[in-house]
Amino acid sequence: MTDQTLNRQANWTRWRSFFERRKDRALPPLDPKVDYAMLPRSLARSIAIFQLGESGGGTIVAQARRSKLRGIDADYAAALDLFVKEEHRHANILAMCVRLMHGELISKNWTARLFVAGRRLIGLRLKVLVLLAAEVVGICYYSAIASRLPGGPMRHWLRELADDERGHLDFHCDFLRSQTQGVVRKRVFMAVWRCVMCAAAITVMVDHRKTLHDLRLSRREIWGQWMEIGRQAESRVIDPSSTVSRVLRQSSASLS
Ligand SMILES: [Fe+2]
Ligand SMILES: [Fe+2]
């Protein structure tokens with residue numbers, strides 16, 4: 001099946017089966033014998049903040065089910081429901097990371113509150129745009145932290161989370177592309193996206209500055225990666241010649 005053929009078909013059935021195939025992944029086993037005592041305390045706090053951020057998101061599914069937006073259907077709402085459950089699996093894995101580092105989980109944090117406030121602003125489209133910014137942040141941050149960890153379960157888990165976030169990014173891009181047909185809508189999307197993306201990156205930079213410093217991660221390099229992935233996401237949304245998502249293509253190929 002060619003990319004063009006895949007593009008002409010409605011995406012949501014494929015996204016739904018994409019998430020359905022992954023929904024029964026078990027949590028990895030927790031091995032408390034692995035020693036992470038050498039890791040800075042700031043990292044446990046950082047991961048606890050991301051754990052909190054991965055825990056919410058239920059209201060968007062109800063909104064998608066009620067939505068009358070053109071370009072989405074019941075399969076989209078079902079895929080979004082499975083996506084939220086996948087984020088909750090991430091929250092469970094991050095909680096295991098915090099436990100391995102003898103850190104403490106948290107129930108509130110200003111960046112998590114900001115993110116929730118962003119999602120509650122208005123409409124489904126803006127909510128998904130905020131989620132897209134969170135995926136960009138997650139891909140960069142989980143990969144950057146994994147690059148500084150010794151070999152072992154945490155490094156493996158964080159890389160797997162970053163891979164999952166790449167799939168989520170394509171899923172949200174497909175939704176936003178379905179909602180930004182026409183020049184005016186594309187321009188509005190680009191303006192709002194660039195503001196939200198920069199605001200999310202700055203917020204995380206500030207809140208996690210100690211971890212970045214303690215792990216000797218270059219802020220300039222991370223900023224560059226954030227902006228690059230943000231630009232790629234933008235062109236996936238606005239470029240009419242964008243091909244079908246790599247992750248969907250791979251999962252379609254594995255079925256044929
Ligand atoms: Fe996640
Ligand atoms: Fe995600």
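Every number here is computed from the coordinates shown, using simple stated rules; none is lab data. A quick note: this is a predicted structure, and the numbers were derived from the prediction, not measured. Heads up, the Cβs are rebuilt from the backbone with ideal geometry, glycines too, and the neighbour counts pull from every protein chain shown.
Computed on the chain, with alpha-carbon pairs under 8 angstrom and 6+ residues apart, the relative contact order is 25 percent. Please determine, in degrees from 0 to 90 and to the nearest 10, the orientation of helix 74-100 with respect to the longest principal axis defined by the Cα atoms of the chain, where the helix direction is its Cα long axis. Orientation of helix 74-100: about 10 degrees from the principal axis. Rounded to the nearest 0.05, the FRET efficiency derived from the C-beta distance between residue 70 and residue 108 at R0 = 41 Å is 0.65. Remark: relative contact order (the range 80-182) = 25 percent; criterion is Cα-Cα distance under 8 angstrom and separation of 6 or more residues.
Quick check: the angle from helix 124-147's long axis to the longest principal axis of the chain, C-alpha only, nearest 10 degrees? Helix 124-147 sits roughly 40 degrees off the main axis of the chain.
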